[in-house]
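Only the coordinates and a few stated rules stand behind these numbers; no lab work does. The structure presented is a predicted model; accordingly, all values stated were derived computationally and were not measured. We place every Cβ from the backbone using ideal geometry, glycine too, and count neighbours over all the protein chains shown.
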Amino acid sequence: MNFSFVKSVFFASFFLLSLSSCKKFQYLTVVGDFYKDQTNENLIETDTLLISYNFNGDGCPVAITVFNKSNQPLYIDWSKSSVIINGQRFSYWTDASTIRTNTESTEIRWTKNFSSTSSTTNGVIVKNERISFIPPKAGIVYIPISIKNSWIEMDYSTGQKINVPCNVESMNGMFYSFSEENTPFQFRSFITISTNEQFSNPRFFDSKFWVNSIIETQASPESLLNTFPNQFYNSKATGFGAFMGSVALTGAIILIVLSDVE
């Protein structure tokens, strides 16, 4: 028997097995002091401004929209604004820059069997602004941080079986509900705003948020029919997925050893 062929078959099999690893998702709904049940939004509104929080996405990204309703400019000092988790402050601004790059490649085929390629990499240095200027009757969207990407272990006996609406068919899930007192995750958001750039007369907006429900299911975010601005998700491999991944890794190691013996 051609051992090279056997190796190819085994490697292909293990590759497919590794791809078959299943994921389980938790969809966590966040409510707060100013939660609007009719629109599933967390809004703070005064006579001069509107602050909206959106947590939709992987790992609870904090997207903050601030709209200036007044006729004078507003300023936000993000270095004096933060999210507070378990009494620990995490600033909405850090004095750091990131580089975003993209590479473009070009291939020139000189003959049937000969070609050459060249590539160009472009990059920009990006840094979040420390102080945001908001003109009258205008707004900004600021996404400074993600705050939760770890799985929350649940007591199965406290959940309720539900059907999760998906774009193909519904999937099974478990639903857990919480009050502010027994929530598994809560945090605060603190924002400093002023009508002048010197912040001589600042206003502070301190908002409390907590998870009031969790849905566990194998339905992926792409397949859900209903998504909400106050809902984020976490994920982990199921027991079957982790097992198949370990099987694939073990098989690959065995084949590498046999290949060295050949």
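Values computed for the structure shown
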{"read-out": "Burial ordering of LEU225, LEU43, fewest other beta-carbon atoms within 10 Å first", "value": "LEU225, LEU43"}
{"read-out": "Qualifying aspartates and glutamates (Cα of each under 12 Å from Cα of LYS23; at least 8 residues distant if same chain)", "value": "GLU216"}
{"read-out": "Pairs beyond 25 Å (Cα-Cα), from LYS80/LYS236; LYS36/LYS69; LYS36/LYS208", "value": "LYS80/LYS236"}
{"read-out": "Reciprocal of mean inverse Cα separation for the stretch 23-237 (Kirkwood radius, Å)", "value": "20.1 Å"}
{"read-out": "Label zone at ILE162, where the point sits 7 Å out along the Cα-to-Cβ direction: the stretch 20-43 residues whose backbone N lies under 13 Å", "value": "26-30"}
{"read-out": "Computed lengthening from PHE133 to GLU181, 0.36 nm per intervening residue step minus Cα-Cα distance", "value": "13.5 nm"}
{"read-out": "Proxy reagent accessibility, fewest Cβ within 10 Å first, across GLU129, GLU181", "value": "GLU181, GLU129"}
{"read-out": "Difference of contour (0.36 nm per residue) and Cα-Cα distance, CYS22 to ALA63", "value": "11.8 nm"}
{"read-out": "Pairwise label distance in nanometres, SER91 with SER146, each label 7 Å out on the Cα-Cβ vector", "value": "2.3 nm"}
{"read-out": "Gain on full stretching of the segment that runs from GLU41 to PHE190 - 0.36 nm per residue minus C-alpha separation", "value": "51.9 nm"}
